[in-house]
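Quick notes on the structure that follows.
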Amino acid sequence: MSRFFYAHEIAKPVDVRQYLARPDRHWRKGYSAYELAHSWVDADGIPAAVRSVLDSCPDYADAALVEGLFERDVDLRTPGRRSQTDLLAFVKCVCGNAVIAVEGKVDEPFGDLVSTWNDGSASKERRLKALCYSLGLRVADVGGIRYQLLHRTASALYEAQRYRTTRAVMLVHSFSATNASFRDFRAFAESMGVPVQAVNSVSDEREREGIRLRLAWVRDHVPA
């Protein structure tokens, strides 16, 4: 039985294609959407590379996938665009249930820096203040952080609350030969007070809004 869904059941990797914002551009071998769908759906659960990293953290050892939602739109609680999480995984682990917000990457960056994204408009100022409040960050300190990292991590928190669980991970599933954008991810993790110094590792936890949050980076095989 398939464990993956969008509006309908995902039975094979190509079923994800129709839900991408730009399927003509993003559904190609070597691109993150394609690689992520093949990795998770072909594994019919948690892929080996991800499982190996999760197993290094006692709270997530032997985690089992209950269901996965591709291209999950998450309400960020302020007016504006939702955060489109590549894969929202609901898992069962030794400490109970947890949410893993998976961001697939090959060589693309985590979007604009906050200092570039924030044009000073009332809507963006409001969005930024709300995200920083949820993550326990100061608005004045995040100008050099990639905006996507803020809203993807907040998505993990919000979805954990929606599922009524107390644990969440924002996990980058990278297919990059050079660990592209890991430097930006590491800077974000340090700003959150949960450093991730190396690839294939899970951070310590930080409690935010009643959720025990962790960050993780997984390096998988490089597409041929």
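Remarks
Matching residues to (1) surrounded by 15 or more Cβ atoms within 10 Å (Cβ to Cβ); (2) touching a Ser or Thr at 6+ places or on another chain (Cβ under 7 Å); (3) without any contact (Cβ under 8 Å) to a residue 40 or more places away in the chain:
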residue: R138; (1), (2), (3): no, no, yes
residue: R146; (1), (2), (3): yes, no, no
residue: L150; (1), (2), (3): yes, no, yes
residue: A168; (1), (2), (3): yes, no, no
residue: A180; (1), (2), (3): yes, no, no
residue: R183; (1), (2), (3): no, no, yes
residue: R186; (1), (2), (3): yes, no, yes
residue: Q197; (1), (2), (3): no, no, yes
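- Here is the figure for segment 201-214: residues that are surrounded by 17 or more Cβ atoms within 10 Å (Cβ to Cβ), not charged (D, E, K, R) and not in a strand (DSSP E or B) total 1.
- Residue in segment 16-60 that is modelled with the lowest pLDDT, counting only those that are assigned to a helix (DSSP H, G or I) and of a type in the set (V, I, T): V16
- Single match in D86, D59 (criterion: in contact with a strand residue (DSSP E or B) (Cβ under 6 Å, 6 or more places away or on another chain), buried (at least 17 other Cβ atoms within 10 Å of the Cβ) and under 19 Å from W217 (Cα atoms)): D86
- Residue check for A187: assigned to a loop (DSSP other than H, G, I, E, B) and more than 14 Å from the chain's Cα centre (by Cα): no
The values are calculated or read from the model by the stated rules, or taken from the named source; none is laboratory data. These numbers were taken from a predicted model, which means no experiment stands behind them. Here the Cβ is made from the backbone with ideal geometry for all residues, glycine too, and neighbour counts use every protein chain on show.
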